[in-house]
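A short worksheet on the structure shown next.
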Amino acid sequence: MIKLSNLPDQIMKVAKSYEKENETFDVFPAKFLIDNTFYYYIDFVPTFAQLIIREDGTVPPIKEIEKVYLYANGYNASIHVLGTIGEKWRKTYTIKNYYMLKKILEKVRGIFREMEPTEDVKQALETFMKVPDVIIKHQRVINQSVENGRKATVEMRKREIVTVEDYKQMRGYQVDMVRSAYWQNEIQFKTADEREKVMDYLASIRSLSNWRVLWLYHRLKPYQQYMYTKEKNPKEFQEMQDLAEEIFKDIPIEENPQALEHIKYLRNPRR
């Protein structure tokens with residue numbers, strides 16, 4: 001792993017020459033291999049400034065290393081997202097909880113066979129029963145994406161080299177994770193009315209004498225309270241709508257306006 005303590009003297013000297021008052025700097029733990037040339041990626045703290053240094057110690061102008069910077073910054077961003085947001089989303093108990101929801105809904109289906117509710121209530125239950133499988137499927141993707149990102153980061157630190165293919169792989173893990181989180185949220189918003197219809201029906205037939213319905217109703221209630229609806233979660237719903245195009249239209253980094261915007265933080269010469 002590349003650290004300041006083992007950074008070549010010429011690279012350390014160049015990095016220091018770009019350091020400003022009240023700043024420190026750090027180096028990315030691997031060199032970036034782009035178009036058969038190695039580059040060091042320097043990050044200045046507490047500012048957002050960065051510097052790309054070629055392995056021979058030269059600091060190329062921005063127009064020459066724009067591609068290098070975009071891939072280096074994009075790779076670093078994917079690691080950060082997987083290691084922060086991803087670790088929050090990686091919940092092993094989610095799978096267990098939704099397997100339990102599947103079992104509860106199967107029991108509700110048994111009750112419905114006995115009670116014979118209206119057809120729309122029956123259909124609402126069938127829609128509700130799709131939710132656990134979707135949540136479980138995409139939770140597995142989230143968990144695996146975060147784990148893959150973690151393993152790839154460890155391997156990168158050992159190799160001390162990052163290529164364009166490494167970026168694409170890490171970016172892929174991030175995209176898979178974010179899309180799966182989107183689909184988990186989408187199924188909750190889409191089925192909100194049907195879930196409510198099932199709960200209303202169970203509430204209408206529950207009684208102390210019908211303890212099975214009463215028990216199932218109370219087992220389902222925490223899930224219903226936890227899952228998203230447009231009414232309870234308008235902010236999350238709007239955020240999901242706003243992010244939809246960005247999530248599913250993964251623009252190449254060299255054309256991505258948001259990525260290009262970050263070039264302003266580079267301290268490489270602008271000539």
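The values are calculated or read from the model by the stated rules, or taken from the named source; none is laboratory data. Here the structure is a predicted model, which is why all the values come from computation and not from measurement. Virtual Cβ from ideal backbone geometry, glycine too; neighbours counted across all protein chains shown. When the accessible area is computed, the model is the full protein with side chains, heavy atoms only, and any ligands, DNA or RNA have been set aside. Shrake-Rupley method; radii C 1.70, N 1.55, O 1.52, S 1.80 Å.
Descriptive notes on the structure:
- Candidates N143, N148, N97, N76: the one that is open to solvent by 50 Å² or more (accessible area, probe 1.4 Å) and more than 30 Å from K13 (Cα to Cα) is N97.
- Only one entry in V178, V213, V198 is among the hydrophobic types (A, V, I, L, M, F, W, C), within 30 Å of I65 (Cα to Cα) and either free of Cβ contacts under 8 Å to residues at least 60 places away in the same chain or in a helix (DSSP H, G or I) (or both), namely V178.
- Failed criterion for L216 (all others in (1) within 32 Å of the chain's Cα centre (by Cα); (2) at pLDDT 90 or above hold): (1)
- Residue selected from segment 234-255 under the condition outside any helix (DSSP H, G or I) and in contact (Cβ under 8 Å) with a residue 24 or more places away in the chain, by the criterion least open to solvent (accessible area, probe 1.4 Å): I253
- Segment 159-175 - residue that is assigned to a helix (DSSP H, G or I) and polar (S, T, N, Q) and, of those, surrounded by the fewest Cβ atoms within 10 Å (Cβ to Cβ): Q169
- Test result for L101, without any contact (Cβ under 8 Å) to a residue 40 or more places away in the chain and of a type outside the set (D, E, K, R): no
- Among (1) without any contact (Cβ under 8 Å) to a residue 40 or more places away in the chain; (2) basic (K, R); (3) under 30 Å from H218 (Cβ atoms); (4) surrounded by 16 or more Cβ atoms within 10 Å (Cβ to Cβ) - the single one R90 does not satisfy: (1)
- 1 or more residues farther than 22 Å from E147 by Cα: qualifying helices (runs of 4 or more DSSP H) within segment 55-137: 62-83, 92-115, 119-128
- Candidate set: segment 185-224, residues that are among the hydrophobic types (A, V, I, L, M, F, W, C) and open to solvent by 80 Å² or more (accessible area, probe 1.4 Å); chosen: the one farthest from F128 (Cα to Cα): L208
- Residue satisfying all of: in segment 204-213; in contact with a helix residue (DSSP H, G or I) (Cβ under 9 Å, 6 or more places away or on another chain) and over 14 Å from F112 (Cβ atoms); modelled with the highest pLDDT among these: S207
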